[in-house]
1. Is it the case that some residue within the stretch 61-81 is under 17 Å from the mean Cα position of the chain (by Cα), among the hydroxyl-bearing types (Ser, Thr, Tyr) and surrounded by 11 or more Cβ atoms within 10 Å (Cβ to Cβ)?
2. Could you grab the pairs with beta carbons closer than 9 Å, sequence gap of 6+ or different chains, first residue in the stretch 79-105 and in the same structural domain as Ile66 (by TED's automatic domain parsing) and at positive phi, second one among the aliphatic types (A, V, I, L, M) and not in a helix (DSSP H, G or I)?
3. Residue by residue through the stretch 23-46, note down the ones that are loosely packed, with under 10 Cβ neighbours inside 10 Å and aliphatic (A, V, I, L, M).
4. Can you name every residue in the stretch 32-76 that is modelled with pLDDT of 85 or more and of a type in the set (A, V, I, L, M, F, W, C)?
Amino acid sequence: MAKTEQAYQIAVRLTKTEYERIEDMIRAGMFRSAADFAREAVRDKLREAEPIGIGNFSSKEIERKIDGFLTKNPGSHYASEIAEALGLDFRTSLEMVKRMIDEGKIRKASGVPR
């Protein structure tokens, strides 16, 4: 049996015009409900906000990019900050940062990043 991810509920205020446009799309059969529309709109925005990706970079190239970033930008950094600065996927960056820490190539910062 597939494990389902925890779901959360949020409230959103819309103008009358926005609400009516959503209702028109529901009546046209484009969406099953306002909630279905909202889920799809959120997913679209999240996809737009995703970094372009790691392209065809090898693990070694990603490691070099992260090392270069840290050399040019001394101090503490979140993995998400590194990913954004380098245009890398967050998960890939996080995994690489963890690996580099485990291998002793970089060290985990103590305290809160700047």
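1. yes
2. Gly87/Ile52; Gly87/Ile54
3. Ala28, Leu46
4. Ala34, Ala35, Phe37, Ala38, Ala41, Val42, Ile62, Ile66, Phe69, Leu70
The values are calculated or read from the model by the stated rules, or taken from the named source; none is laboratory data. Since the model is a prediction, treat every value here as computed from it, not as a measurement. Using ideal geometry, Cβ is built from the backbone for each residue, glycine included, and neighbour counts are taken over all protein chains shown.
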